[in-house]
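The values are calculated or read from the model by the stated rules, or taken from the named source; none is laboratory data. Everything numeric in this text was worked out from a predicted model, so none of it was measured. Note that each Cβ is placed from the backbone with ideal geometry, even for glycine, and that neighbours are counted across all protein chains shown.
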Amino acid sequence: MIALIDYGAGNLTSVRKALAAVGAEHFTPSSPTLVRSSSGIIIPGVGHFLATATITADWRHAILDAVSRGIPLLGICLGMQFLFDGSDEAPDTPGLRLLPGRCFLLPAVVKVPHVGWNDLQPRGESRLLAGVPRGTQAYFTHSYVAPVTDACVATTEHAATFASVVERENVFGVQFHPEKSARPGVEILRAFVNISRFPDFQIQKCSPSA
Amino acid sequence: MLSKRLIACLDVRDGCVVKGVQFEGLTTAGDPAELARRYDGEGIDELVVLDVTATVEKRRALADTLRKVSAELFIPLTVGGGIRSEDDAAAALDAGADKVALNTAALEHPGLLTSLARRYGSQAVVVAIDAKRAGEGYEVFSHSGRTRTPRNAVEWAREAAERGAGEVLLTSIDRDGTRAGFDSELTAAVSAHVPIPVIASGGAGTFEHFAEVFTRGRADAALAASVFHFSEHAVGALKAFLRDKGVPVRLPC
């Protein structure tokens, strides 16, 4: 059962629909304690990084605790940026610090926000992208981006090169919207759901970096 | 590289797709959910459902139609027509839309763009502008193109972006339904002055029209209805044509 974290940043209808399409059971936990019983966690979200401030300390603790026990976590768009230390968009709002680095604003040398379909350039092994052909494009809509670090398994270019897919142990993130990226997007969600289901899914634990 | 987007517009009235010629003389062309499925299969990048008569008849965009259209759709879906309030927008988004397009309501209450952007994010807020040439400039019209406003298209687009709109859906009233080509001058004028993407609309007739609006017109996306409605495989053929012209497009895997 996938726990879909609803913190009021955008509409979850599309994510729910896509999860249903890949046959994944999911729920929206009404209290942090319910996160513990999930097999996987998805943090979606669009909009301002400040919105993540509504993920209060008890929620953060529950999510980090689940991740430390090996439960897979997927951040989508703003939810992916939340995996990092923080973002220039809201300097006083800390991220989950599961991945080192700070999100930054795309330079306005081209149109920002970055809206539309763009390439995913693979960069090393990826479990999320395993079933997705090379040359695949995904649907993006955002202005801030995550840096290319060791956790980055695919990059995208728009005014700058940024991390479009990140993976480290059981922590996953996609800057684009898989629920809006046609068939390849649905396959990426399916990959995450499969990772969360695999009964002998034993992976190294991932702890906050600081 | 960021692709230029092709957007199919479903002009919907009473649950059926219709196509207007300069906003009048509507003829039925099909079932919206069926058309949406077909476009998705053909590789369209995005869909817009426009309740063409909603503002005139004071009707709300039909949530039922949206639910049916979005049921198995995993590409962005925008709804326009009859979005007059935050509640209307919420209903549309809950029914499966990803973005709402505001036209008359944004002109009458520009603050609505801001409140919707705060609540749902700018990516969910599209300002729809119907513009008509007037001398050297472009006048903005409201109420489905029937009411002239004192606004200038470029200035209104810029203000709407500042207020929170994340995209501009720019329709040339002069070209709409004529198949004479997009108004590339209008599109370029707006695109050069706003930081957000501009979707060109009105006048698509040939593949060459798309190439022109993506290059000379500086459009980020182009919207059409009948070009896609009446010819199967038009989407794939158009994308291949654009790719050969050097226009970046998404070719579905």
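Taken over the range B:167-193, the criterion of being within 14 Å of chain A (Cβ to nearest Cβ) and under 20 Å from residue B:8 (Cβ atoms) is satisfied by B:167, B:168, B:169, B:187.
Scanning the range A:184-198 for residues being closer than 15 Å to residue A:134 by Cα and at the interface with chain B (Cβ under 7 Å from one of its Cβ atoms) gives a total of 2. Among residues that are under 21 Å from residue B:123 (Cβ atoms), polar (S, T, N, Q) and crowded, with 22+ Cβ neighbours inside 10 Å, residue A:93 is not included. Residues of the range A:1-56 that are more than 14 Å from every other protein chain (Cβ to nearest Cβ) and farther than 18 Å from residue A:193 by Cβ: A:30, A:31, A:32, A:33, A:34, A:36, A:53, A:55, A:56. Note on the range A:93-134: among residues that are aliphatic (A, V, I, L, M) and within 24 Å of residue A:169 (Cα to Cα), the one that is nearest to the other protein chains (Cβ to nearest Cβ) is A:132. When the range A:52-76 is filtered for residues that are crowded, with 20+ Cβ neighbours inside 10 Å and either at pLDDT below 95 or in contact with a helix residue (DSSP H, G or I) (Cβ under 9 Å, 6 or more places away or on another chain) (or both), the ones remaining, listed by number, are A:52, A:55, A:62, A:63, A:66, A:71, A:72, A:73, A:74, A:75, A:76. Among the residues in the range B:183-190, are any within 15 Å of the chain's Cα centre (by Cα), surrounded by fewer than 24 Cβ atoms within 10 Å (Cβ to Cβ) and closer than 24 Å to residue B:241 by Cα? No, the range B:183-190 contains no residue that is within 15 Å of the chain's Cα centre (by Cα), surrounded by fewer than 24 Cβ atoms within 10 Å (Cβ to Cβ) and closer than 24 Å to residue B:241 by Cα. When we screen B:204, B:234 for residues that are of a type in the set (A, V, I, L, M) and either within 14 Å of chain A (Cβ to nearest Cβ) or touching a residue at least 40 places away in the same chain (Cβ under 8 Å) (or both), the only hit is B:234. Scanning the range B:1-53 for residues that are hydroxyl-bearing (Ser, Thr, Tyr), at pLDDT 85 or above and closer than 22 Å to residue B:179 by Cβ gives a single hit, B:39.
Here residue B:118 passes the criteria (1) within 14 Å of another protein chain (Cβ to nearest Cβ); (2) modelled with pLDDT of 95 or more except the one numbered (2). Hey, among the residues in the range B:99-114 that are outside any helix (DSSP H, G or I) and out of contact with any Leu (no Cβ under 6 Å at 6 or more places or on another chain), which one's surrounded by the fewest Cβ atoms within 10 Å (Cβ to Cβ)? Among them, the one singled out is B:109. Being of a type in the set (A, V, I, L, M, F, W, C), at negative phi, touching a helix residue (DSSP H, G or I) at 6+ places or on another chain (Cβ under 9 Å) and surrounded by fewer than 19 Cβ atoms within 10 Å (Cβ to Cβ) is a condition met by at least one residue of the range B:218-239. Residues that are touching an Asp or Glu at 6+ places or on another chain (Cβ under 7 Å), under 27 Å from residue B:98 (Cβ atoms) and surrounded by fewer than 24 Cβ atoms within 10 Å (Cβ to Cβ) are absent from the range A:78-89 altogether. Counting the residues of the range B:191-210 that are closer than 28 Å to residue B:122 by Cα and either crowded, with 19+ Cβ neighbours inside 10 Å or touching a His at 6+ places or on another chain (Cβ under 6 Å) (or both) gives 12. Restricting A:149, A:161 to those that are surrounded by fewer than 24 Cβ atoms within 10 Å (Cβ to Cβ), closer than 15 Å to residue A:103 by Cα and within 14 Å of chain B (Cβ to nearest Cβ) reduces the list to A:161. Residues in the range B:128-145: is at least one of a type in the set (Lys, Arg) and within 17 Å of the chain's Cα centre (by Cα)? Yes: the range B:128-145 contains one or more residues that are of a type in the set (Lys, Arg) and within 17 Å of the chain's Cα centre (by Cα).
The residues of the range A:1-27 that are touching a residue at least 12 places away in the same chain (Cβ under 8 Å) and among the β-branched types (Val, Ile, Thr), listed by number, are A:2, A:5, A:15, A:22.
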